[in-house]
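What follows is one structure encoded as structure tokens, with my remarks underneath.
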Amino acid sequence: MPTRTLTSLAERDRRMMSAPVILPAPRIGRWVGIPLIGIFAAWIAYQVLVNPGFQWAVVGHYMLDRDVLSGIAMTLELTVLVMAVGAILGIMIALMRLSGDPILSFCAQAFVWFFRGTPVLVQLVFWYNLASLFPEISLGIPFGGPKFYSISSTAAISSFTAALLGLGLNEAAYMAEIVRGGLLSVDIGQTEASKALGHRPFTTFRVIVLPQAMKAIVPPTGNQVIGMLKYTSIASVVGLGELMQSVENIYSRTFETIPLLIVAALWYLVMVSILSVIQYFIEKYYSRGWHDQMTVL
Amino acid sequence: MNAISSTCIEPMVRIVDVWKNRGHNRVLKGVNLEASRGSVLCLLGPSGAGKSTLLRCVNALESCDRGIVYVDGVAIGCRRRGDAFYRMPERDICGQRAEIGMVFQNFNLFPHLSVIENIVDAPIRVRKEPRSVALDRGHALLARVGLAGKAHGYPRQLSGGQQQRIAIARALAMRPKLMLFDEPTSSLDPHLVGEVLEVIRSLAETGMTMVIVTHEVQFAQEIADRVAIMTDGVIAECGPPQTILAQPSDPRVQAFLARSLRQQA
């Protein structure tokens with residue numbers, strides 16, 4: 001038995017060797033492209049290392065500077081809070097839009113239209129200057145009725161609250177559309193099966209539909225978070241001490257513009273890389289059941 | 001099936017003069033139908049006749065424009081106040097749906113939950129059963145449909161026939177009074193149909209009231225106590241399978257049966 005299989009294997013190899021060979025097609029583009037890219041990359045590396053304008057010593061000096069680090073802390077804090085406000089409000093608005101109630105749906109659509117339609121910069125500056133429209137923020141009956149609680153606008157709205165409101169509401173509008181898209185992507189049969197089992201509408205949403213919608217929600221949300229991390233730099237117009245503001249403060253004193261912009265860019269890059277890794281793990285969690293699992297038989 | 005379930009006792013399902021439109025299309029035109037307790041009612045008919053729509057009106061997944069559906073004497077999806085019926089809000093209907101089990105053509109298992117989680121999720125959340133009790137029952141139901149070893153797998157890893165059997169187990173976990181089947185074998189490969197029909201047959205033998213929308217005329221003949229044939233939104237014929245399927249009087253029913261029996265031959 002073994003000798004027969006050995007000869008049949010050898011026989012098969014011999015037959016394969018005599019069959020016509022198919023060679024891969026010649027790729028001229030690669031022969032031209034790789035050297036070109038190599039030369040371009042080498043030139044960039046050379047400029048980065050040799051060009052005195054980069055002032056790498058200055059970059060090294062300011063990378064761990066105290067003001068820069070406090071700017072980073074502020075950027076992170078603002079990003080986390082803005083995304084939290086945006087996500088929670090966004091889910092609520094998406095639910096309002098998909099609820100079937102015409103009034104809730106209209107309010108949701110109006111919110112999204114307005115807060116996506118006006119530039120973030122305008123919204124930011126508006127919130128910061130709220131005192132000129134409403135000198136006093138109060139809770140009570142409108143049109144001249146009694147007030148239960150009031151606070152002066154200038155005291156209530158700091159640059160941080162203005163940034164949080166401006167960026168947060170804008171983000172909520174975008175998140176509402178992302179969540180709505182994710183919810184719509186779940187097969188309607190899932191909702192029907194859940195209803196048929198007797199689940200209440202909110203339980204159907206929370207336990208059955210939302211977890212499945214996360215597959216479609218997480219990637220664009222990751223995009224939004226990473227974008228927001230850098231978009232917080234716009235809060236420097238209302239004087240918030242985040243990373244760009246800290247960096248601008250330094251180079252407006254020392255005129256070392258390029259190295260300090262490199263410091264900011266490198267720190268943004270570090271934060272984005274960490275967030276990308278986190279996003280990868282979140283996506284992996286939400287795709288359980290969609291790739292092959294170990295079965296316990 | 002059961003001589004005791006006579007006409008004096010309230011039928012389990014009573015569909016009274018149900019009309020439904022979809023846009024300009026009249027899908028259901030004054031349907032009257034009854035299913036007595038412990039019996040199996042099969043709804044047959046050509047595509048587009050309104051069978052699935054009628055079935056979905058029974059557990060209020062669709063709302064009727066006119067007419068009322070009663071399950072176990074209770075009006076489904078609406079509340080009576082004086083002479084008028086008012087539509088129930090969604091959160092109240094779910095309590096009614098918990099008593100009615102439904103099996104779908106596309107199985108609709110929850111892909112992000114394991115098989116056993118699919119089965120125990122509703123009893124724990126809706127009926128507030130303790131987890132250990134629900135798990136015991138879940139495993140027993142899995143064994144009953146012949147899939148005891150698959151408890152920790154995910155739906156995506158299973159064949160269509162296995163998924164449908166798990167869907168049946170999931171519906172049974174809620175201890176329903178009534179089981180609805182919306183074309184349970186229509187999405188399955190022919191060689192997987194038998195295993196699902198076997199589960200349905202054994203379920204019928206336990207005395208569960210069942211309404212089955214199906215294309216399998218042969219199966220309906222074997223298992224049904226009564227057969228109703230729908231064409232164009234109305235019930236054309238209704239009665240025991242021997243009389244209806246052997247000697248149909250309505251010409252539309254004759255045409256339908258000739259076609260489907262020829263296809264199945």
request  = Could you please give the count of residues in the stretch A:64-80 that are closer than 16 Å to A:P259 by Cα and acidic (D, E)?
outcome  = 2
ask   = Can you name the condition, by its number, that A:Y251 falls short on among (1) farther than 22 Å from A:V58 by Cβ; (2) without any contact (Cβ under 8 Å) to a residue 12 or more places away in the chain; (3) away from chain B (no Cβ under 14 Å)?
value = (1)
inquiry  = Filter the stretch A:132-148 down to the residues that are within 39 Å of the chain's Cα centre (by Cα) and not in a strand (DSSP E or B) and list them by number.
reply    = A:S132, A:L133, A:F134, A:P135, A:P142
ask   = Could you list, in sequence order, the residues of the stretch B:83-111 that are without any contact (Cβ under 8 Å) to a residue 60 or more places away in the chain, more than 21 Å from B:K20 (Cβ to Cβ) and open to solvent by 60 Å² or more (accessible area, probe 1.4 Å)?
value = B:D83, B:R91
ask   = Taking B:S63, is it under 21 Å from A:Q190 (Cα atoms), surrounded by fewer than 23 Cβ atoms within 10 Å (Cβ to Cβ) and away from chain A (no Cβ under 11 Å)?
value = yes
remark   = Note on the stretch A:181-205: residues hydrophobic (A, V, I, L, M, F, W, C) and either more than 7 Å from chain B (Cβ to nearest Cβ) or surrounded by fewer than 21 Cβ atoms within 10 Å (Cβ to Cβ) (or both) are A:L183, A:L184, A:V186, A:I188, A:F202, A:F205
key: Candidate set: the stretch B:136-154, residues that are of a type outside the set (V, I, T) and under 20 Å from B:H191 (Cβ atoms); chosen: the one farthest from the other protein chains (Cβ to nearest Cβ)   = B:G146
ask   = When residues of the stretch B:174-196 are filtered for being within 15 Å of the chain's Cα centre (by Cα), surrounded by 19 or more Cβ atoms within 10 Å (Cβ to Cβ) and not polar (S, T, N, Q), how many remain?
value = 10
inquiry  = Can you say whether A:I157 is open to solvent by 10 Å² or more (accessible area, probe 1.4 Å) and within 13 Å of chain B (Cβ to nearest Cβ), as far as the supplied structure shows?
reply    = no
Flag for A:E242 being out of contact with any His (no Cβ under 9 Å at 6 or more places or on another chain) and either away from chain B (no Cβ under 14 Å) or over 22 Å from B:Q163 (Cα atoms) (or both) = yes
query = Which residues, counting only those in the stretch B:112-126, are open to solvent by 10 Å² or more (accessible area, probe 1.4 Å) and farther than 28 Å from B:T53 by Cβ?
reply = B:H112, B:L113, B:S114, B:E117, B:I124, B:R125
Residues of the stretch A:160-177 that turn out to be open to solvent by 30 Å² or more (accessible area, probe 1.4 Å) and among the acidic types (D, E), as a count = 1
note = Filtering the stretch B:109-143 down to residues that are within 21 Å of B:E198 (Cβ to Cβ) and in contact with a Gly (Cβ under 6 Å, 6 or more places away or on another chain) yields B:V115, B:I119
request  = Would you please name the residue that is most open to solvent (accessible area, probe 1.4 Å), looking only at residues in the stretch A:87-117 that are of a type outside the set (A, V, I, L, M, F, W, C) and more than 23 Å from A:G222 (Cα to Cα)?
outcome  = A:P102
ask   = Has the stretch B:127-135 got any residue that is surrounded by 22 or more Cβ atoms within 10 Å (Cβ to Cβ), more than 10 Å from chain A (Cβ to nearest Cβ) and hydrophobic (A, V, I, L, M, F, W, C)?
value = no
ask   = Regarding A:G168, is this residue closer than 26 Å to A:A84 by Cβ and either more than 17 Å from the chain's Cα centre (by Cα) or not acidic (D, E) (or both)?
value = yes
inquiry  = Could you go through the stretch B:198-218 and let me know if any residue there is within 12 Å of chain A (Cβ to nearest Cβ), buried (at least 19 other Cβ atoms within 10 Å of the Cβ), of a type outside the set (D, E, K, R) and more than 14 Å from B:V40 (Cβ to Cβ).
reply    = no
message = Taking the conditions exactly as written (open to solvent by 50 Å² or more (accessible area, probe 1.4 Å), in contact with a Cys (Cβ under 8 Å, 6 or more places away or on another chain) and part of a helix (DSSP H, G or I)), does A:K215 satisfy them or not?
response = no
message = Can you tell me how many residues within the stretch B:106-129 are part of a loop (DSSP other than H, G, I, E, B) and out of contact with any helix residue (DSSP H, G or I) (no Cβ under 8 Å at 6 or more places or on another chain)?
response = 3
task = Tell me which of these A:A193 doesn't satisfy, since it passes every other one: (1) touching a strand residue (DSSP E or B) at 6+ places or on another chain (Cβ under 8 Å); (2) at pLDDT 90 or above; (3) not in a helix (DSSP H, G or I).
result = (3)
task = Confirm whether B:L141 is aliphatic (A, V, I, L, M) and in a loop (DSSP other than H, G, I, E, B).
result = no
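The values are calculated or read from the model by the stated rules, or taken from the named source; none is laboratory data. Since this is a predicted model, take the numbers as computed values, not measurements. Note that we place each Cβ from the backbone using ideal geometry, even for glycine, and neighbour counts take in every protein chain shown. Heads up: the accessible areas ignore ligands, DNA and RNA and are worked out on the full protein's heavy atoms, side chains in. Shrake-Rupley method; radii C 1.70, N 1.55, O 1.52, S 1.80 Å.
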